[in-house]
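Right, one structure below, let's go through it.
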Amino acid sequence: MIDGDEASLAAGFDRALRARGVFAGPRRALTFAEVLRVLPPETAAATYWRARTAMLPSIDDLVAFQAAFFAFFGSLGDADALRRLIETADAPPRSDPSAPRRETPPPPSERPADARSAERAPTQWVVASSEERLIDAAFEDFDESERAMMLRLIERVRTAAERRVTRRRRAHPHGDRFDFRGTLRGAARTAGELMVRRSTRRRLRVRPVIFLVDVSGSMTPFARALIQYARVTATARPAVRAFAFATRLTDLTPLLAGSTDELMRAVGETVLDFGGGTRIGAALRAFNDRYAVRGAARGGTVVILSDGWEREDPALVGAEMARLRRLARRIVWVNPHKRHAAYEPLARGMAAALPYLDAFVSGHSLRTLAAVADAIEGKLR
């Protein structure tokens, strides 16, 4: 039997997994905590299988997972039983004995302090300022002070502005077509003398960009960042709209005109399902019915932030993505889990949406937001 607060226990085990390169994430940690609360384990084996079912992201991570489990739960007692359990549990298959094996990092207590402090950064960059240290950190790893700094740093990220040529023409000194009427109107001001030859060229208009942001519990840290990026994009260029969804769709476009603090405060007051469950298909259907078919997405780029976890029928996600594909010029999907090398789009909603995407990026950090801009402009496929 495990005593103590389930949420703290699940969060501590999640940190132990991260120390060994296994990224379970807050969603799995919440699931594990709920399992411990509803089904309190009576034995070490029960604890192991509950943790493995809820927290193991991939069978390839099983060896590192077992090492983290023994190191973390062994300190809570019954270490011998845990060791026997780990030794008898099934190991991941290895078809090629000569293939290189993943090395399990030593426990945090055996590593130097500098190595432990660098765990949160996905690269080995050594930087001087606190701002530079946040460039490659995942948004979910920020504390409150770092999150405020991150929201300010997003204002420096490059925004995208793809333009299209319209049918309308406008006067231009170096146009590609002779403007006969404009030239005659000018001659009327100079007693009929053709003093200036006028010309025109086609107008350029910025293509619209629509942000659909999943604000469910697992996506909250990334949702704040992308909503801020939508605000910065709307400040720099026209034709930007933003929507939030969890269990229902909420239009955030009127809020993009405010400051960062005003925006985040207004989002918390307006989006009533912030941090709730996920109904991707229903949200896409609401967007298509209310906005997309009326021209909001026509000829533009739709950026969707979500991990693809659909609580309802994934067939609805596929059907609504097919509708959106016929209306939008480009669809970009941002999934923070894509940053992991072993990630596969196996979530039901993600698998249903994948065939209709033009670009699939992670967008989990300040640096990777530049890839979102490239995808909006069609530079990534």
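The values are calculated or read from the model by the stated rules, or taken from the named source; none is laboratory data. In this text, all values refer to a predicted model and were calculated from it rather than measured experimentally. Cβ placement follows ideal geometry from the backbone for every residue including glycine, while neighbour counts extend to all protein chains displayed.
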Next on the checklist: Name the single residue that is surrounded by the most Cβ atoms within 10 Å (Cβ to Cβ) among those in the stretch 275-297 being free of Cβ contacts under 8 Å to residues at least 40 places away in the same chain and charged (D, E, K, R).
Outcome noted: R279
Checklist outcome for this item: Sole miss for R231 among (1) at pLDDT 90 or above; (2) basic (K, R); (3) more than 21 Å from M350 (Cα to Cα); (4) in contact with a strand residue (DSSP E or B) (Cβ under 6 Å, 6 or more places away or on another chain) is condition (4)
Item to check | Hey, R84 at pLDDT below 80 and either part of a helix (DSSP H, G or I) or closer than 26 Å to T220 by Cα (or both) or not | outcome: yes
Checklist entry - If you take the residues of the stretch 46-60 that are crowded, with 17+ Cβ neighbours inside 10 Å and either under 18 Å from A347 (Cα atoms) or of a type in the set (S, T, Y) (or both), which of them is modelled with the lowest pLDDT? => result P57
Item to check | Counted residues, the stretch 243-264 - those being surrounded by fewer than 14 Cβ atoms within 10 Å (Cβ to Cβ) and either under 19 Å from the mean Cα position of the chain (by Cα) or assigned to a helix (DSSP H, G or I) (or both) | outcome: 4
Checklist outcome for this item: Across (1) without any contact (Cβ under 8 Å) to a residue 12 or more places away in the chain; (2) touching a Phe, Trp or Tyr at 6+ places or on another chain (Cβ under 7 Å), L252 clears everything bar (1)
Checklist outcome for this item: Residues of the stretch 18-60 being over 29 Å from A137 (Cβ atoms) and within 26 Å of the chain's Cα centre (by Cα), in sequence order, are T53
Checklist entry - Scanning for something among the hydrophobic types (A, V, I, L, M, F, W, C) and closer than 30 Å to A244 by Cα, does the stretch 186-194 turn up at least one residue? => result no
Checklist entry - Name the residues in the stretch 326-341 that are crowded, with 18+ Cβ neighbours inside 10 Å, within 18 Å of I376 (Cα to Cα) and not hydrophobic (A, V, I, L, M, F, W, C), would you? => result R330, N335, P336, K338
Checklist entry - In the list R330, R294, R285, which residue meets the criterion of being among the basic types (K, R) and at pLDDT 95 or above? => result R285
Item to check | When residues of the stretch 137-168 are limited to those that are assigned to a loop (DSSP other than H, G, I, E, B) and more than 21 Å from V303 (Cβ to Cβ), the one modelled with the lowest pLDDT | outcome: D143
Next on the checklist: Among the residues of the stretch 265-273, are any among the hydroxyl-bearing types (S, T, Y) and surrounded by 17 or more Cβ atoms within 10 Å (Cβ to Cβ)?
Outcome noted: no
Checklist entry - Filter the stretch 177-199 for residues that are among the hydrophobic types (A, V, I, L, M, F, W, C) and within 19 Å of R167 (Cβ to Cβ); which is surrounded by the most Cβ atoms within 10 Å (Cβ to Cβ)? => result F178
Item to check | Qualifying positions in the stretch 198-242 - outside any helix (DSSP H, G or I), among the small types (G, A, S) and under 15 Å from L263 (Cα atoms) | outcome: A242
Next on the checklist: Looking only at the stretch 169-192, how many residues end up being among the hydrophobic types (A, V, I, L, M, F, W, C) and either part of a loop (DSSP other than H, G, I, E, B) or within 51 Å of the chain's Cα centre (by Cα) (or both)?
Outcome noted: 3
